[in-house]
1. Six or more apart or on different chains, Cβ atoms under 6 Å: show the pairs whose first residue is in region 273-302 and farther than 20 Å from D24 by Cβ and whose second is in a helix (DSSP H, G or I).
2. Within region 146-184, track down each residue that is within 14 Å of the ligand (Cβ to nearest atom) and under 15 Å from the mean Cα position of the chain (by Cα).
3. How many residues does region 144-161 contain that are under 18 Å from L72 (Cβ atoms) and β-branched (V, I, T)?
4. As an exercise: evaluate A213 against (1) farther than 18 Å from A156 by Cα; (2) within 19 Å of the chain's Cα centre (by Cα) and give the number of the one condition it does not meet.
5. What number of residues within region 232-269 satisfy the criterion of being crowded, with 20+ Cβ neighbours inside 10 Å and in contact with an Asp or Glu (Cβ under 9 Å, 6 or more places away or on another chain)?
6. Quick check: is even one residue across region 299-307 within 14 Å of the ligand (Cβ to nearest atom) and more than 14 Å from G235 (Cα to Cα)?
7. Which residue, of I211, I241, is over 22 Å from R296 (Cβ atoms) and modelled with pLDDT of 95 or more?
8. I'd like the full set of residues that are under 19 Å from R203 (Cα atoms) and touching a residue at least 40 places away in the same chain (Cβ under 8 Å), limited to region 159-175.
Amino acid sequence: MSTPTPVPVTPETIRDVPKVLLHDHLDGGLRPGTVVELAEASGYRGLPTTDPAALGVWFREAADSGSLERYLETFAHTCGVMQDQDALVRVAAECAQDLAADGVVYAEVRYAPELFTEHGLDLPTIVETVQAGFREGERRAAADGRTVRIGTLLCAMRQNARASEIAELAVRYRDAGVVGFDIAGPEAGFPPTRTLDAFDYLRRENAHFTIHAGEAFGLPSIWEAIQHCGAERLGHGVRIIDDITVDGDGKAHLGPLASYVRDRRIPLEMCPSSNLQTGAATSIGEHPFGLLADLRFRVTVNTDNRLMSGCTVTSELAALVDAFGYGWADLRRFTINAMKSAFIGFDERLAIIDDVIKPAYAPLVGDWRASRPTAPAGRPAPR
Ligand SMILES: [Zn+2]
């Protein structure tokens with residue numbers, strides 16, 4: 001038997017393998033052309049340009065500018081055109097289609113329902129409408145021969161006082177595809193313990209949640225999210241690096257919080273390009289992802305806001321490959337890390353890992369035994 005030629009790791013080949021996404025904002029992932037058309041249809045004024053290509057550039061530059069005002073303006077525009085049901089269905093459906101086209105097989109997409117009430121939609125209607133949009137997008141992707149599953153995370157905004165209401169909504173729609181809860185918005189001045197009631201409620205309801213923590217703000221935010229609030233995952237969590245020192249011999253020493261996060265296998269929803277834009281990291285090469293992955297933290301690779309960062313899961317992985325020299329075995333690890341950390345049931349996660357992810361990566365990493373898609377009937381494959 002001849003030795004197969006190794007497949008190079010390029011953006012094209014990365015796009016072809018199954019990928020998993022845990023941290024992606026619905027209002028940060030619109031197509032520029034869709035923003036223009038929805039603005040026109042709804043009478044929304046205030047877009048900086050109505051040329052889709054120029055608008056796409058504007059979004060990236062505004063997010064890159066280092067100015068918080070301009071950064072927030074980007075979301076004012078996307079949320080501004082997402083205030084009626086037709087718009088929500090379209091944005092959610094296109095999100096599922098775009099992720100499927102990028103080779104994503106499972107994604108958890110999040111949004112804050114309270115941002116879409118400006119024209120009078122109520123919260124349950126918003127949730128039901130977005131769910132309908134995701135299902136429509138999954139159907140269209142299937143018609144194109146691609147299977148993607150979207151789980152929804154409902155976010156509460158830290159600066160508002162609606163966390164309990166949104167948490168109740170997440171539990172109410174758990175059987176309709178809402179798989180968890182999150183809090184987003186400014187970290188400084190709004191510690192996660194402000195919304196402790198919501199997290200206590202979710203735990204009593206056996207519901208899942210992640211918390212944006214350790215992005216702009218440091219270790220206290222991560223510590224509160226895990227030890228006071230009970231977060232199962234960390235949105236970003238990149239500042240956990242502040243609890244790690246590397247000595248002159250290159251040996252890393254973990255403080256107690258970093259050890260806890262690694263020992264408990266707490267997933268880090270890392271978003272490298274987004275971190276560059278917000279100043280949480282200076283370059284991909286200097287991003288803590290490299291050290292955290294070397295130290296075997298449960299790192300996952302995410303987009304955060306595809307429109308503002310001009311990125312996809314493929315481009316994020318390709319950037320990490322460029323910076324750190326990762327191969328297929330590393331990409332498989334990050335992908336399985338993400339799938340293990342998803343908020344859907346254990347049996348469903350395992351099915352995607354065993355039947356979709358492992359068989360696709362097996363020939364790429366030279367593990368031919370695992371490329372057999374299913375175990376013989378009646379005998380589960382050893383793990
Ligand atoms: Zn985020």
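1. Close Cβ pairs (under 6 Å, with a partner that is in a helix (DSSP H, G or I)) amount to G285/A323; P288/V238; P288/I241; G290/F324; F297/R262.
2. Filtering region 146-184 for residues within 14 Å of the ligand (Cβ to nearest atom) gives 153-158, 180-184.
Selection gives L153, L154, C155, G180, F181, D182, I183, A184.
3. Here is the first cut: in region 144-161, the ones under 18 Å from L72 (Cβ atoms) are 155-160.
Going one step further and asking which of them are β-branched (V, I, T), we end up with none.
Final tally of qualifying residues: 0.
4. A213 satisfies all of (1) farther than 18 Å from A156 by Cα; (2) within 19 Å of the chain's Cα centre (by Cα) except (1).
5. Within region 232-269, residues that are crowded, with 20+ Cβ neighbours inside 10 Å and in contact with an Asp or Glu (Cβ under 9 Å, 6 or more places away or on another chain) number 12.
6. Just the residues of region 299-307 that are within 14 Å of the ligand (Cβ to nearest atom), to begin with: 300-307.
Next cut, more than 14 Å from G235 (Cα to Cα) only: 306-307.
Yes - at least one qualifying residue is present in region 299-307.
7. Working: I241 fails: over 22 Å from R296 (Cβ atoms).
It is I211.
8. Correct list: R162, E165, I166, A167, L169, R172, Y173.
The values are calculated or read from the model by the stated rules, or taken from the named source; none is laboratory data. What you see is a predicted model, and the numbers here were worked out from it, not measured in a lab. Here Cβ is always computed from backbone atoms with ideal geometry, including for glycine, and neighbour counts include all displayed protein chains.
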